[in-house]
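S.K.: Below you'll find the structure I mean.
Throughout, read-outs are computed from the coordinates displayed, never taken from laboratory work. Everything quoted here is computed from the prediction, not taken from an experiment. In this analysis, Cβ positions are derived from the backbone assuming ideal geometry, glycine residues included, and neighbour counts consider all displayed protein chains.
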Amino acid sequence: MLKVGADIDKKLRVIEAFSGIGSQRLALKRANIPHKSIGVFEVDSAAIESYKAIHGDIHNLGDISKISEDEIPDHDLFTYSFPCQDISKAGRQAGLKKGSNTRSGLLWECERIIQKKKPRFLLLENVPNLVAKKHKPDFILWLEWLESQGYTNYWSLLNGVDYNIPQNRSRVFVVSILGEHKPFKFPTSLEQTKQLKDLLEEDVDEKYFLTEEQQKELMYYIQPSDSESYIYIKNATKKGYLKAREFDGIDLAYPNSKTRRGRVQKSRTQTLMTGDSLGVLIGKRIRRLTSLERWRLMGFSDEDYQKASTVCSQAQLGKQAGNSIIVDILEEIFKEVIHT
Ligand SMILES: C[S@@+](CC[C@H](N)C(=O)[O-])C[C@H]1O[C@@H](n2cnc3c(N)ncnc32)[C@H](O)[C@@H]1O
C-alpha cells in the first residue's frame with residue numbers, strides 16, 4: 001500500500017482543481033496508486049460530463065473562487081492546472097498577478113486552500129510561457145509563497161515527445177512536497193516507440209481533408225516534381241518552406257502568416273490546442289486530425305474517448321483534449337512522487 005508520509009495503508013485523498021476531464025485521476029489509476037477522489041473544481045459543464053463518463057463518480061465543488069476554504073475536505077494531493085489563456089503566447093498576455101481578475105489569476109484562489117488544508121503533495125501544470133521573462137516574477141513569487149508554507153518545490157519543463165507521445169507539447173510541472181521527504185526527481189524520458197502514424201484512424205471521412213484551395217494556401221509556390229514523395233509547406237525561415245512527408249504533422253493555423261515556423265513536424269504533431277488546427281499529410285493530401293486522434297495524442301485510451309463521446313460534441317471533445325495534460329507524463333511523475 002501507499003506510504004503517505006507517516007501514514008501507511010492509506011489511500012491518497014485527491015482534489016483536482018481545474019479538473020477538466022481528469023487526466024490527473026487517470027494517471028493515478030495507471031500508476032497503480034491507491035487513491036480516492038475527494039473532489040474536483042470545474043465550471044465547464046461539458047468537461048464535467050466527460051469526467052463523469054470516464055471516472056464515474058464526481059464530487060464537484062464548482063467554481064474555485066466561490067467556495068470557502070473551510071468547506072473543503074482534508075486531502076493529501078492537490079492538483080492545479082489553472083487556466084493558461086492569460087499566460088500563453090497565443091493569448092493577450094493579461095497575466096496572472098494577484099488581484100488581476102484574469103482567468104490565469106485564479107492561481108491565487110489556490111493560495112487560501114493550500115494555506116488552510118496543507119495537503120502533503122501539490123502538482124501544478126501550465127504552459128511554458130509561465131517561466132518566460134514576462135511571467136517568471138509571478139511564478140517565483142508563487143514558489144516563494146509555497147516555501148513560506150513549508151513546501152519544497154521541484155519544477156521542470158517536460159515534453160510529450162520524451163514520454164513516448166508523438167506530440168511536441170512542452171509544459172511546466174511543479175511538484176511541491178510539505179515537510180521532510182526524500183528528494184523528488186522528475187522522471188527520466190521513455191523510449192520513443194510511437195509515431196504519429198501509429199495513432200491515426202484508418203478510415204477517415206472525406207470531410208476531414210482540406211479542399212484543394214485550403215491546401216494551396218499552406219503550400220509553397222514552388223513544389224517538387226510529382227514523382228517525389230514529399231511536398232513543400234510554407235514556413236517563415238530563409239528557404240521559405242519545409243519538406244513534408246507522409247504522416248508528418250502539419251500546423252494549419254494562420255495559413256497566410258509570414259512569421260509561422262515549425263509548421264511541419266517529422267512523424268509527430270505540434271502542440272494540440274483547443275481549436276481544430278492540427279493536420280497530417282496522408283499521401284500528398286492534408287487532413288485535420290479527428291477528435292479520437294487528439295485524445296490519443298493526450299494519452300487517453302479509445303475506451304475513455306468512446307465514453308466521453310456519448311455525452312459531448314466533437315468540438316467539446318477537441319477542446320477538452322487541448323486543455324488536458326498528457327496522461328503518460330503525469331503517470332511517470334506520480335510514480336516518482338510516491339517514492340519521496
Ligand atoms: C487547463 S484546463 C485543465 C484541464 C485538466 N488538467 C484536464 O486534465 O483536463 C483548466 C480548466 O479550469 C476550468 N476553470 C476555469 N475557471 C474555473 C473556476 N473558476 N473554477 C473551477 N474551474 C475553472 C476550465 O473550465 C478548464 O477546464
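S.K.: Please give the Cα centre distance for segment 227-263 versus segment 265-303, rounded to the nearest Å.
M.R.: 16 Å
S.K.: While we're here: Under 12 Å between alpha carbons, and skipping anything fewer than 8 positions from K182 in its own chain: which aspartates and glutamates qualify?
M.R.: E336
S.K.: To continue, here is another question. Return the single residue from V204, V40, V131 with maximal mean-square fluctuation; model: Gaussian network over the chain, springs between Cα atoms under 10 Å.
M.R.: V204
S.K.: Work out the length of the dipole vector of the chain about its Cα centre, built from +1 on the beta-carbon of each Lys and Arg and -1 on the beta-carbon of each Asp and Glu, and round it to the nearest 20 debye.
M.R.: Computed charge dipole of the chain: roughly 1200 debye.
S.K.: Name the shape class, rounded, prolate or oblate, that the alpha-carbon gyration tensor gives for the chain, where a ≥ b ≥ c are the square roots of its eigenvalues, rounded holds for a/c under 1.5, and otherwise prolate holds if a/b is larger than b/c and oblate otherwise.
M.R.: In terms of gyration-tensor shape, prolate.
S.K.: Right, next: Can you return the lysines within cross-link range of K98? Criterion is Cα-Cα under 23 Å, with same-chain partners fewer than 8 residues away left out.
M.R.: Leaving aside lysines fewer than 8 places away in the same chain, those within reach of K98 are K66, K89, K116, K117, K118, K133, K134, K136.
S.K.: By DSSP, what percent of the beta bridges with both residues in the chain are antiparallel, rounded to the nearest 5?
M.R.: Details: 31 of 47 bridges.
The antiparallel fraction comes to roughly 65 percent.
S.K.: How high is the relative contact order of the chain, given as a whole-number percent (alpha carbon pairs under 8 Å, six or more residues apart)?
M.R.: About 17 percent, as a whole number.
S.K.: If you place +1 on the Cβ of every Lys and Arg and -1 on the Cβ of every Asp and Glu, how big does the dipole about the Cα centre of segment 202-289 come out, in debye to the nearest 20?
M.R.: Dipole size: approximately 660 debye.
S.K.: What residue among A236, V280, M219 has its Cα farthest toward the positive end of the dipole of segment 202-289, where the charges are +1 on Lys, Arg and -1 on Asp, Glu, each on the Cβ?
M.R.: Farthest along the dipole direction, towards plus: A236.
S.K.: In addition: I need the Debye-formula profile for segment 202-289: one equal scatterer per C-alpha, no solvent, reported as log10 I(q)/I(0) at q = 0.12, 0.15, 0.18 1/Å, two decimals.
M.R.: Values returned for q = 0.12, 0.15, 0.18 Å⁻¹ are -0.31, -0.50, -0.73.
S.K.: Now for a different question. Looking only at D248, D44, D203, which one moves most when the chain is put into a Gaussian network model with springs between Cα atoms under 10 Å?
M.R.: D203
S.K.: Given +1 on the Cβ of Lys and Arg, -1 on the Cβ of Asp and Glu, and no further charges, what dipole in debye does segment 247-340 carry about its Cα centre, rounded to the nearest 20?
M.R.: Charge dipole of segment 247-340: 760 debye, to the nearest 20.
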